[in-house]
Structures are given as C-alpha cells and as structure tokens.
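Inspection log for the structure reproduced underneath, given as structure tokens.
The values are calculated or read from the model by the stated rules, or taken from the named source; none is laboratory data. Here the structure is a predicted model, which is why all the values come from computation and not from measurement. As a convention, Cβ positions derive from the backbone with ideal geometry for all residues, glycine included, and neighbour counts pool all protein chains shown. To get the accessible areas, we keep the full protein, side chains included, count just its heavy atoms, and leave off ligands, DNA and RNA. Shrake-Rupley method; radii C 1.70, N 1.55, O 1.52, S 1.80 Å.
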Amino acid sequence: DAYHKNYKEMLSMVETLNERLNLAVKQGPDKAIEKHLKRGQLLVRDRIDLLLDEDSPFLELCPLAGWGQDDMTLGGSSVAGIGLVCGIECLITGNVPTLFGGSSNKVSVAKGARINAIAWQNRLPLIQLIQTGGSKLEQQFKVFHPGGAHFRSLAERTKAGLPTCSIVFGNSTAGGAYTPALTDYIIMVKNQAQVFLGGPPLVQLATGEIVDAESLGGADMHSRKSGVSDQLALDEHDAIYKAREFISRLNWEKRGKIPRSHLAPKIDEPLYDIDELLGIVSANIRVPFDANEAIIRIVDGSRFTAFKPLYGPNLITGWAVIHGKKYEEEGIIKAGAHFVNAVSNSQVPVITIMMGASYGAGNYAIKCSVMGPEQLAGVLDLITREAAASAGKKIDEVAAARNRALLSSKVEKESDVYWTTSRLLDDGVIDPRMTRVILGFCLSVVYNEKVEGGSLGGVSRM
C-alpha cells in the first residue's frame, strides 16, 4: 500500500516537473518566435539539434534557472548542455533570441558561471551559439561586473588548450561582442551576423556619423577586413556544418583511463526495474526509505559491494559499476568538519543525486538547507525565549506563534527543489527514472580529465 501511494504521489510530482520543463523548452512568446522564423532563422534548440550527432544524448543543465523569480527569464535566456559532436563530448550553449532578444540578466550570468566551471573541470570543448543584445539594460549593475568573469574564463581556456568555437547567427552587441572575439574559432553567418560594441544609434550619438549595421559590424566586413571572423557561412546550416568540421579536426582525446569493464561488449542492466524508484523513494521527505533499494535499481546487474555495512549504518557506502564505469563511495565521516575537508580536497569526481531531505553539515557539499523548517523555527523561538527570560520580559505567545509560522513557511519555500534550482544551487531536477542514464553519461564526461590520486577526473554536481 505504501509503495502504490508513493508511486502515485511521485508520478504527480514528475508530471509537474515535465510541465515546467516544457515551459523552459517553449523559447519565448509566440509573436517573437513567429517573427524570428519569418526572418528565416532557426530557433536555438533546432540549432543545437543540427549541431549534435544523430541520436546523441543531450544532458541539459540548469533549465529551470530563474524559475519564479521576478524580472528574470526562465533558463536565463539561454540553453546549455552536454552532447556529442563528431563523437566528442562538448558543452554547448546558445542564446534564446526569442526571449528578450537573448539579453542577459542576473540569472544568465550565474548560469554562465556554472556552465563555464563544468566545462573547465571536465575538460570539455565549448561551442557557443550566439545571438544576443548584450545585457538587459535595467539590470546592467547586476550583469556588467560579474559578467566580466566570462571573458576571463574564455581567455583562460585558450591558455589551457581547451578549444572554444563560436557561431554568430545574429546581433552580438556590447559585451556580447567580446564573447566571440575571445574564442579560438569564429563563424559568422552572412547577411545575419553583426558584431559591434555599440550599434549605429550609439555611433551617431557619440560621433554624429550615420552608418548602417552591416558596414559597421557585419559578417562580410569582419571576414574580409577586421579579421574577427574565421569563416563566413552562407547560411545557418552551413555555419553549423563548419562548426562540426572544426570539432572533427581537433584530434581530441580523453585523458582519463577507460576502465576495463567499459570495454566489455555488453553492459548489464539492473535486475530490478528503475520505474520502481517512484514507489520506493517516499514522496514525503519526512518518511525514510531504504537507500539500498534505490541503489540496486541504478547500478549494473544490481551488484553493490557494501563497505563497512554494520559501521554507521545510516550512511551506505560501497562499490558498484554504472554503464561499465566504476563508481565509488568511500569513508564513514565522524565529524562534520572532516566531511567538509574530505569534499573540498577530494581528487575524484563528485556526482550528487538528491533523493530527499538533507540538512545540516552534509549540505556544505550538496547545498540545500541548514536544517528543516520546523527545527529552524523552533531553535530561533528557544533563543528568543531565553533572551526574554534573561531580560525579565514576558513573551507574547500570539506574536511568537505567528513568527514561528512565518519563518517555518519561509524556510519551507526556500528548501523547495524549484527554489534551489531556480537559484542554481543544483544543475537540474530530473525524473527519478532517468537517474541511471544521467549518471552513466556524467561518468563518461568526467573521463575527459585526468586527476592525481584517482582514475577519474572532473567534478559535477547534480
């Protein structure tokens, strides 16, 4: 009975997740999309589909960034994720020009910083699909200074030998002009792409000179005169082809050592149906469940070798294989400080899957909340009462109850999965049934880098 109740409630939660993800996929209002298509331009998700290999997976990152935040765009006016281009795992980003012209806001900058970190840590080639009006002017003070870190990141990638390719499909104005200029390979679409620090109106205001956009910063001019563009594409399809051609000639290899088990001709699926996770993992975060039941529905052949199963039994650790790649969890932690130290100095990948409530010291690693709403409200209530007693004052019980309720409600809201993902405290919310597939893809991605002290590399948090 508990299983079927959980399954029904969790399925409803998954449906809510899919509804919100569908909003992120929509790419802006219908009028803006219609106008964009009439210009003969592709939508950003169609551009990404054409860039990816046929049947390539695409692990989208931070799709619900900005959810429920006033004056922010869903997804930060951008699409970002990891997919295969010419057989090479690449991190792909694209402006959504049909959403406020692809202009950047505070969420866009925060999302970009996280995406850059993932690309850097996992040694991924970066492909940028650019069409943006720069920063949203009303938020320039929230965008301008932190946004500069992106330019530094691009310069550091070049120094480190991590390739970056930019395709400019339309306007790339102001700060948006530095993004392609700082990349290793730039493709501009003829009669569409325009790159300039200040457009014709700004030039006229500053100098009195009247100049058209194409002459000032068009693709043909940058390809023939300024040298900003490395390739002049005839149209968007040609530009995408040229980007794939660039990636194919990188002679790119993973630095991580592929485990022997990955070379096996067949990967064992779990013995137990992963769909059963919906009924096993409680929809109520206050109701505990057996994590072993979740593990054996994710790992290859449902084989899991426990490490110290009788010592600290509330923390399950051990060894398993996922999609032929070895995955380890080690170390029973006796003190929160040691845990923080272990996570901070870890030299192997960290992929975190949040399965329910997690409070306290553990969240220095995985970021959710200091403690539960009732506990936090109760602790502050006790502190208030002790302070009143010390001062010889009487507590107003009505006001105290109201304050507890307000604080508990606030903490409950800020611990919600959509609140945290909106503020980029995680990399995405997933259907539990996709856990095995996503873990397998993440474990493949981290083999791009080699690290000291371990056979795997890179750090990703989900």
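For segment 414-440, which residues satisfy the criterion of being of a type in the set (A, V, I, L, M, F, W, C) and over 16 Å from V350 (Cβ atoms)? Within segment 414-440, V417, W419, L424, V429, I430, M434, V437 meet the criteria. In the set (1) among the β-branched types (V, I, T); (2) at pLDDT 55 or above; (3) crowded, with 18+ Cβ neighbours inside 10 Å, the condition left unmet by T384 is number (3). Kindly indicate whether any position in segment 81-94 is open to solvent by 20 Å² or more (accessible area, probe 1.4 Å), under 25 Å from Y241 (Cα atoms) and touching a strand residue (DSSP E or B) at 6+ places or on another chain (Cβ under 9 Å). Yes, there is a match, as at least one residue in segment 81-94 is open to solvent by 20 Å² or more (accessible area, probe 1.4 Å), under 25 Å from Y241 (Cα atoms) and touching a strand residue (DSSP E or B) at 6+ places or on another chain (Cβ under 9 Å).
Does R45 meet the test of being of a type in the set (D, E, K, R) and exposed (fewer than 15 other Cβ atoms within 10 Å of the Cβ)? When the stated conditions are applied, R45 does not pass them.
One line per residue, one yes/no per condition, for (1) within 30 Å of R286 (Cβ to Cβ); (2) exposed (fewer than 13 other Cβ atoms within 10 Å of the Cβ); (3) within 20 Å of the chain's Cα centre (by Cα):
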| residue | (1), (2), (3) |
| --- | --- |
| Y3 | yes, yes, no |
| M13 | yes, no, no |
| N18 | yes, yes, yes |
| K31 | no, yes, no |
| D49 | no, no, yes |
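Here G75 meets the list (1) at pLDDT below 95; (2) over 12 Å from the mean Cα position of the chain (by Cα) almost entirely, failing just condition (2).
Restricting attention to segment 212-237, the residues being within 17 Å of I127 (Cα to Cα) and out of contact with any strand residue (DSSP E or B) (no Cβ under 8 Å at 6 or more places or on another chain) number 1. Only helices (runs of 4 or more DSSP H) whose full extent lies in segment 101-192 are considered here, and the ones with at least 3 residues that are of a type in the set (D, E, K, R) and modelled with pLDDT of 80 or more are 106-121, 140-160.
Where residues in segment 239-284 are in contact with a Leu (Cβ under 8 Å, 6 or more places away or on another chain) and assigned to a helix (DSSP H, G or I), which of them is modelled with the lowest pLDDT? Looking at the filtered set, the residue picked out is L278.
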